[in-house]
Amino acid sequence: MHNESQDLKSVLLAVLKQNGMENVVREASLPTFWNEIVGDAAAKHCSDLRFSQGELKMSVDSSVWRSEFKMRHDDLVKKLNQRAGADIVQRVVFNARAAKNSTN
């Protein structure tokens, strides 16, 4: 069964490549890659992940996590690209998430 699924994956990737769409799958997988790279504990502080024109943008819920991610920026870009199998991420942008209003 493993060989069949590997063969199907190879065929699909070949078709996407022939049509110039191989990065579509990579780009769509970036949120999953992000979670794998930073781990679930850190990933839960991020939301609204979106990719456009070489930038992976996301909202981060605290300045502490934003600072942590910014310090690791170059390493994170490198790991994302390694995991994606291509240099598709040039930059990661961390935006502050708006605080939720609480009504008591």
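Miscellaneous remarks
- Residue in segment 23-36 that is touching a Phe, Trp or Tyr at 6+ places or on another chain (Cβ under 6 Å), farther than 15 Å from ARG97 by Cα and surrounded by 16 or more Cβ atoms within 10 Å (Cβ to Cβ) present: yes
- The residue that is least open to solvent (accessible area, probe 1.4 Å), counting only those in segment 37-65 that are more than 15 Å from VAL89 (Cβ to Cβ) and β-branched (Val, Ile, Thr), is VAL60.
The values are calculated or read from the model by the stated rules, or taken from the named source; none is laboratory data. On a predicted model such as this, the values are computed, not experimentally measured, just so you know. No Cβ is skipped: glycine too gets one built from the backbone with ideal geometry, and neighbour counts run over all protein chains shown. Only protein heavy atoms, including side chains, enter the accessible area calculation; ligands, DNA and RNA are left aside. Shrake-Rupley method; radii C 1.70, N 1.55, O 1.52, S 1.80 Å.
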